[in-house]
Amino acid sequence: MVREFKTRYAGSVLGFAWAFVQPVATLAIFYVLFGLVLAVRVPGLDVNNGYLLHLLAGLAVWLPFTDAIGRGVGSLAAYEDFLRKQPMPAEILPAVSVGGSLLVLGIGYALLIVLSVVQGVGPYASLAWLPVLVLAQIALTFGLTLLLSMAHFLWRDVGSMVAFALQLWFYLTPVVYPLSQVPEKFHNWFLFNPVACLVLMVQSTVLHMPVPPGTPVALAVWVLLLGGGGWWFFRSMKSALGEAL
């Protein structure tokens, strides 16, 4: 994991500072566009910069998720020659990609907690559940990265499909818009989106925002399906990986 950090920022002037600059720059761009230009407001967060807190809660989940998926999907294919010459547990490569995203994850959640307290939102007793949500996020992300990295190794079109799917997935997740702006009849549809479930639970835990009934259960089911399912798929296809190598 340390090598992943060093390789990722090797040769750059700012070095590890990019792990902080990139999330903050993304937050600033979306805040200016949606919070200032489009004046999006979040009912229930009647504080200065309430939309900023809502946005940060979403990005704290989304940015490390897409960072891990984006780097992890091609991890097996990128190190195909290495795996051929130096046999090793192939799971390590997707795990390194997920581990490399933990710095972004930590920065995002730290900023969220600090800014929410500064704005007078919390801390609530529900904040004690945040470590559980972080573990759920890591398990979900790792399982999906395992699945996609193996799928991409076997079928190279998967990488391009994932890049497109992530763009669509972002706007199907209540990050730049609050769930309250979506007609209530569609709220339960968000339970079929694992990242939306996670975002909603983080917003609820840190900011005390309401979530659709059943969201915690839906998130637990998704963690089992994607975390466990991704691991099972990866292990079951290792024979095909060995034959390809």
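A few remarks follow.
- Most fluctuating residue given options LEU207, LEU135, LEU38, as computed from a GNM of the chain linking Cα atoms under 10 Å: LEU38
- Listed values for region 192-205 are Karplus-derived 3J(HN,Hα) couplings in whole Hz (6.51 cos²θ - 1.76 cosθ + 1.60, θ = phi - 60°), namely 8, 10, x, 6, 4, 4, 5, 4, 4, 5, 5, 4, 5, 5, and x replaces Gly and Pro.
- A Gaussian network model of the chain, with springs between Cα atoms under 10 Å, assigns the largest mean-square fluctuation among HIS187, HIS208, HIS152 to HIS187.
- Karplus 3J(HN,Hα) series, Hz, for region 165-180 with 6.51 cos²θ - 1.76 cosθ + 1.60 (x for Gly, Pro): 4, 5, 5, 5, 4, 4, 7, 8, 10, x, 9, 8, 10, x, 4, 5
- For the chain, relative contact order (Cα pairs under 8 Å, six or more residues apart, normalised by length) works out to 26 percent.
- Residue exposure sequence - THR173, THR141, THR26, THR66 - by fewest surrounding Cβ within 10 Å: THR26, THR66, THR173, THR141
- Region 163-181-region 55-84 distance, computed between alpha-carbon centres (Å): 18
- Footprinting exposure proxy for ARG71, ARG156, ARG41 (fewest neighbouring C-beta atoms within 10 Å first): ARG156, ARG41, ARG71
- The phi torsions of region 115-121, fed into the Karplus equation with coefficients 6.51, -1.76 and 1.60 and a -60° offset, translate into couplings of 5, 5, 5, 4, 7, x, 9 Hz, rounded to whole numbers, with Gly and Pro shown as x.
- Here the alpha carbons of the chain define both size measures, Rg and Dmax, at 18.7, 59 Å.
Values quoted throughout were computed directly from the atomic coordinates according to the rules given, and no laboratory measurement underlies them. Predicted model, so just to flag it, every value in this text is computed and none were measured. Here the Cβ is made from the backbone with ideal geometry for all residues, glycine too, and neighbour counts use every protein chain on show.
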